[in-house]
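Below: one structure, written as structure tokens.
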Amino acid sequence: MTNQELSELIALFDRSTALTMKLSEEGFSLELDRRGRGEAAVPPVPQPAAPEESGHDGKWVRAPLVGTFYAAPGPDQPPFVQPGSHVAKGQTLCLIEAMKMMSEVCAPCECIIEETAAQNGQLLSYDAPIFRYREA
């Protein structure tokens, strides 16, 4: 099962009214359960508000999967892009780590990055806005 398939499956479960889900495939097993098991309830982690998209010109590059956002290829290296960067179609903008796998997020077209909405090390939800851009 790919990261994308897993992300879509979890998103479907989140939108459903089902309380549990179990899936087993050769070498893989997944169990999701939203019922309490008697433990103290853990408050949800506050998420920063999504940027207002209607007040800005431009389009957004969004997270293709759930995972941790990394702006640079390594902790001691400069970020792939910054606001004002002119990027080519297919150029790497950031990395998202999910299940110890790194996925590159690439520019959808030749564009200029106008805003970065995510912080390095931030957990992103599926379809979260990452970069606001305008076509060059």
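The values are calculated or read from the model by the stated rules, or taken from the named source; none is laboratory data. The model shown is predicted, which means the values in this text are computed figures rather than measured ones. Heads up, the Cβs are rebuilt from the backbone with ideal geometry, glycines too, and the neighbour counts pull from every protein chain shown.
At-a-glance table
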quantity	calculated
Filter pass, TYR126 being touching a helix residue (DSSP H, G or I) at 6+ places or on another chain (Cβ under 7 Å) and surrounded by 13 or more Cβ atoms within 10 Å (Cβ to Cβ)	yes
Only one of GLU8, GLU25 that is over 21 Å from ILE130 (Cβ atoms), at pLDDT 75 or above and not polar (S, T, N, Q)	GLU25
Subset of the stretch 30-42 [under 23 Å from the mean Cα position of the chain (by Cα) and at pLDDT 50 or above]	LEU30, GLU31, LEU32, ASP33, ARG34
Cross-chain or 6+ apart pairs with Cβ under 8 Å, the stretch 84-96 first and without any contact (Cβ under 8 Å) to a residue 12 or more places away in the chain and at positive phi, then surrounded by 12 or more Cβ atoms within 10 Å (Cβ to Cβ) and not hydroxyl-bearing (Ser, Thr, Tyr)	none
Counted residues, the stretch 123-136 - those being of a type outside the set (Phe, Trp, Tyr) and not in a loop (DSSP other than H, G, I, E, B)	7
Selection within the stretch 64-122 - assigned to a loop (DSSP other than H, G, I, E, B) and of a type in the set (A, V, I, L, M)	LEU65, VAL66, ALA71, ALA72, VAL81, ALA88, MET99, ALA107, ALA117, ALA118
Subset of the stretch 15-30 (residues that are closer than 26 Å to GLU104 by Cβ and surrounded by 13 or more Cβ atoms within 10 Å (Cβ to Cβ))	LEU30
